[in-house]
Amino acid sequence: MTDTIDYYFWINSDWAYFGNPRLKAMAERYKLTINYYPVDLGSVYARTGGIKLQLRSEERKNYRLLEMERFRDLLGMPINLHPKYMTATGQLPSYFAIAAQQRGLDIHDLVHAIMIATWVDDRDIEDEATLIEIADKLGLDGKGLMRQAKEPAAERLYFDYTNTAIARGMFGAPFYFFRNEAFWGQDRLEYLDRAIAKALRADQMRVAS
């Protein structure tokens, strides 16, 4: 059976945005498939004790901004620290990504482009025209995906993913799983990399013996 990385994320997440390029590169390096699961972070927080950004103390908010600046400089990835639309629920763009997923498409570039729209271009990802334009620029059928995103199946999958994520131990975003081992946050991607390398080496040794 082919190994995969299960990637649970909130589509409006700054930290998921920072992690996306490294996650894709890692999967390509190890020849792994990434399973993309957009989730409702509000539900995750409500059921696991998380605190929404607007309800956090000023100390926590300020440290978050400091970390964002650090990762911006470390990774060389532009980011708007105060995007106009960062409080969007993320439901419609998540349904939109799921619609593409239902068509069997590789949705990495679509997901990352949606995050860029929020965190770099200061666009409203809850706006239908914005999502259609993003998809069209990637050579996808934006209007067709929007029609499919509005069907009940996309919403059901979204909350199924959310429930599964919580059942597996997710409490924040992004969350990654490899062989059921959990890794929280893009700053744990190095740990994920090491776990994959160790597991694959062990597999090779078993085959060789």
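The values are calculated or read from the model by the stated rules, or taken from the named source; none is laboratory data. What you see is a predicted model, and the numbers here were worked out from it, not measured in a lab. FYI the Cβ positions are ideal-geometry reconstructions off the backbone, even for glycines, and counts take in every protein chain you see. For accessibility, only protein heavy atoms count, side chains too; no ligands or nucleic acids. Shrake-Rupley method; radii C 1.70, N 1.55, O 1.52, S 1.80 Å.
Percent of accessible area on region 145-209 owned by carbon and sulfur, 1.4 Å probe? Kindly include the intermediate steps, with their values, before the conclusion.
Numbers: 1980 of 3830 Å².
Roughly 52 percent of what the probe reaches on region 145-209 is carbon or sulfur.
Take the solvent-accessible surface of the protein heavy atoms, probe 1.4 Å, and return the percent of it on region 29-97 that carbon and sulfur atoms account for.
Details: 2110 of 4070 Å².
The value for region 29-97 is 52 percent carbon and sulfur by accessible area.
Among 178-185, 197-204, what's the highest-first ranking by average C-beta atoms within 10 angstrom per residue? Write out the running numbers ahead of the final one.
Details: 178-185: 14.9, 197-204: 11.6.
Ranked by mean Cβ neighbours within 10 Å, highest first: 178-185, 197-204.
What figure, in Å² to the nearest 10, do you get for the accessible area of F159 with a 1.4 Å probe and non-protein molecules left out?
60
What shape does region 26-67 have by the C-alpha gyration tensor, where a ≥ b ≥ c are the square roots of the eigenvalues, rounded means a/c under 1.5, and otherwise prolate means a/b greater than b/c and oblate the rest?
oblate
Sorted from largest to smallest, which semi-axis lengths in Å does the alpha carbon gyration tensor of region 84-209 give for its equivalent ellipsoid, taking the root of 5 times each eigenvalue?
32, 16, 16
Just for the Cα atoms in region 24-157, what are the lengths along the principal axes, largest first, rounded to whole Å?
44, 34, 28
Express the accessible area of the chain per residue in Å², computed with a 1.4 Å probe while the remaining protein chains stay in the model. Can you show the working numbers first?
Details: 10890 Å² over 209 residues.
Per-residue value: 52 Å².
At 222 nm, what value in deg cm²/dmol follows for the chain if DSSP H runs of at least 4 each add -39500 (n - 2.57) and the sum is divided by all its residues, to the nearest 500?
Mean residue ellipticity, 222 nm, calculated: -18500 deg cm²/dmol.
If the viscosity is 0.890 mPa s and the temperature 25 °C, what translational diffusion coefficient in µm²/s does Stokes-Einstein give for region 1-101 when Rh comes from Kirkwood over Cα pairs? Walk me through the intermediate numbers first.
Working: Rh = 15.4 Å.
Once the numbers are plugged in, D ends up at 159 µm²/s.
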